[in-house]
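Below: one structure, written as structure tokens.
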Amino acid sequence: MQLKLDSEACQGHGRCYSLAPDLFDSDDEGYAVLKVTGDVPDALHDAARLAADNCPEFAITIEE
Amino acid sequence: MTDTTRPPVTDWATDFDHTRPEYAESAPEIWEQLRNECPVAHTDRFGGAWLPVRHEDVAAIARDTEHFSSEGVIVNDFRPVDLAPIGYAPPITSDPPFHQVARRLLLPAFAPKQIDRWEPVARATCQELLDELLADGADVVDAAAQYAQHIPVRVIADMLGVPREDGDKFRTFIHRILEVPGSGGPGEIEYEDTLDYYLDEAVKERRANPRPGSDDLITYLIEADLDGEPLTDDHITGTIGLLIIAGIDTTWSAIGSSLWHLAQRPDHRRQLVEDPDVMVFAVEELLRAYAPVTMARIVAEGVTDAEIGGCPVKERDWVLLPFPAANLDPEAFEDADQVILDRQRNRHLAFGVGIHRCIGSNLARMELRVGIEEWMKRIPDFELAADDPDAVRWSTGQVRGPRELPIRLLSTNEVA
Ligand code: HEM
Ligand code: SF4
């Protein structure tokens, strides 16, 4: 599984980093920063889906 | 002009009026009826306004800043004239490209790590309020007027570095602007009693008595610069005014509605006590189900080709953005009319969508979570004091929440 973050679309709702803090962090303005590169570890697949399913801006996509 | 001078509404599709008490009482039912019969309602009141209720249409308008301007965000009888792209309260009344400039100025102060610092203040505030609430052993209390209302007022006063007693004034200003839009015009009230006067004085006072090194927001704005230039006084007072107007009734409404809901649902109260991990989802679900804020736009000057869900609209028309209606749209949410505390897919729009996403969302979420947590610790069991859930008084206008919320306390705990 790979995670993509569209930083143009992100408006800093912060849903991703509160639901999946192992995968996302906030920058100094509240916009999302991806913490993983490459494959998402198996143990974090559910967290990744949760983040993608709750982003109001559809800024997070998952490729499996 | 006040809401009481407008006639009652008989047809919500062609003559709606969101400032009427009957809208305050039954907005969710009105949205549902419109969704089924006429999802883009219109009224000739306010000089012409639209009310789309579908999630798809509300989100599309919020994202379309080219056709829909934020020059006016509170619908009333007077349209703003020539204020775009800055507006009277940047960034909420600003359009691109200026919007981003004003927004970036505020974002760092409201980013999650900065807001974390205020959580102990919010928690202590809630505990103080609960101590007062429970002090005289009453078995019925008003959860809106005695509790929810004070939480955001005290926290924002501390964040601005002004006395907490000023909170009473804030509530008067807000009431005038949000609940009776268009009231308080020249001649109706003394200048000394206006928000403008309060803000001018607050900034003057801080300039006269600077607080170097203080982390309060007024100092932050006085010291801030835009491209090397200090902010104008108008920009500073407009921004502080916005934080007061945008942050208080909204959060108060969210906490109040959540307690109104929990008062009616023993199963949800138990779920929160037994499984604290549900809280991160519950906060979002309560925000979805009881989103307090409806925004507005004005069809931009010179636009000839704008439409909402197929309905053509004309330049300078008002457009309401009822985020709470969008959040209840069954096309966008499974079991939209049910409150499911641990809902897993929840792209709700309580804080808007697109470039104007609520800057205070991290603060508001924190206050809502802490407000419920502290209440539940001291008052784990409670119910509505009136048998009729509609006996609660809901606010009128674009911010929806209970303003009187009598609650019977069924069990209380001593301070741990
Ligand atoms: C539950 C509480 C709150 C709700 C539901 C809420 C809702 C909203 C919504 C829907 C918008 C979008 C406006 C638009 O699209 O035009 C907004 C914008 C804004 N809110 Fe909030 N808000 C809340 C609390 C707060 C707090 C506590 C503050 C700050 C103290 C705040 C400050 C702002 C600001 C500055 C904007 C303008 C952002 C921009 O235009 O870029 N809000 N809010
Ligand atoms: S939830 Fe979406 S919009 Fe919000 S911070 Fe994460 S990526 Fe950005």
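The values are calculated or read from the model by the stated rules, or taken from the named source; none is laboratory data. Quantities reported herein were computed from a predicted structural model and do not represent experimental measurements. Positions of Cβ are backbone-derived with ideal geometry, glycine not excepted, and every protein chain shown enters the neighbour counts.
Summary table
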read-out	value
Residue match in region A:37-46 (condition: within 12 Å of ligand 2 (Cβ to nearest atom), away from every other protein chain (no Cβ under 11 Å) and within 13 Å of A:Thr61 (Cα to Cα))	no
Selection status of A:Glu63, at the interface with chain B (Cβ under 8 Å from one of its Cβ atoms) and surrounded by fewer than 22 Cβ atoms within 10 Å (Cβ to Cβ)	no
Enumeration of residues in region B:214-239 that are more than 10 Å from ligand 1 (Cβ to nearest atom), hydrophobic (A, V, I, L, M, F, W, C) and part of a helix (DSSP H, G or I)	B:Ile218, B:Leu221, B:Ile222, B:Ile236
Region B:76-115: number of residues that are away from ligand 1 (no atom under 11 Å from the Cβ) and touching a helix residue (DSSP H, G or I) at 6+ places or on another chain (Cβ under 8 Å)	10
Pairs where the first residue, in region B:265-291, is within 22 Å of B:Ala325 (Cβ to Cβ) and within 14 Å of chain A (Cβ to nearest Cβ) and the second is of a type in the set (Gly, Ala, Ser) and within 16 Å of ligand 2 (Cβ to nearest atom), C-beta under 7 Å, 6+ apart	B:Leu287/B:Ala350; B:Arg288/B:Ala350; B:Ala291/B:Ala350
Some residue of region B:308-330 being closer than 24 Å to B:Phe110 by Cα, without any contact (Cβ under 8 Å) to a residue 40 or more places away in the chain and not aromatic (Phe, Trp, Tyr)	no
Qualifying residue in region B:20-32 (condition: more than 16 Å from ligand 2 (Cβ to nearest atom), more than 14 Å from chain A (Cβ to nearest Cβ), farther than 19 Å from B:Val293 by Cβ and not in a helix (DSSP H, G or I))	no
B:Leu242 of a type in the set (A, V, I, L, M), under 23 Å from the mean Cα position of the chain (by Cα) and at pLDDT below 95	yes
Residue selected from region A:19-32 under the condition within 16 Å of ligand 1 (Cβ to nearest atom) and either within 7 Å of chain B (Cβ to nearest Cβ) or in contact (Cβ under 8 Å) with a residue 60 or more places away in the chain (or both), by the criterion nearest to B:Val278 (Cα to Cα)	A:Gly30
Number of positions in region B:392-411 that are of a type in the set (D, E, K, R) and surrounded by fewer than 18 Cβ atoms within 10 Å (Cβ to Cβ)	3
Residue satisfying all of: in region B:314-362; touching a Gly at 6+ places or on another chain (Cβ under 9 Å) and more than 16 Å from ligand 1 (Cβ to nearest atom); farthest from the other protein chains (Cβ to nearest Cβ) among these	B:Lys314
Within region B:100-139, considering residues that are within 14 Å of chain A (Cβ to nearest Cβ) and aliphatic (A, V, I, L, M), the one farthest from B:Leu410 (Cα to Cα)	B:Val101
Restricting region A:9-26 to residues that are within 20 Å of B:Ala364 (Cβ to Cβ) and surrounded by fewer than 19 Cβ atoms within 10 Å (Cβ to Cβ), the residue that is nearest to ligand 2 (Cβ to nearest atom)	A:Ser18
All positions within region A:1-18 that are over 20 Å from B:Ile355 (Cα atoms) and facing chain B (nearest Cβ under 7 Å)	A:Ser18
Residue tally, condition surrounded by fewer than 24 Cβ atoms within 10 Å (Cβ to Cβ) and of a type in the set (S, T, N, Q), over region B:37-72	2
Any chance B:Leu384 is away from ligand 1 (no atom under 14 Å from the Cβ) and out of contact with any Pro (no Cβ under 9 Å at 6 or more places or on another chain)	no
Qualifying residue in region A:51-59 (condition: more than 21 Å from B:Phe281 (Cα to Cα) and either out of contact with any Leu (no Cβ under 7 Å at 6 or more places or on another chain) or within 14 Å of chain B (Cβ to nearest Cβ) (or both))	no
Selection within region A:11-55 - in a loop (DSSP other than H, G, I, E, B) and under 19 Å from B:Ala109 (Cβ atoms)	A:Gln11, A:Gly12, A:His13, A:Gly14, A:Asp27, A:Asp28, A:Glu29, A:Gly30, A:Tyr31
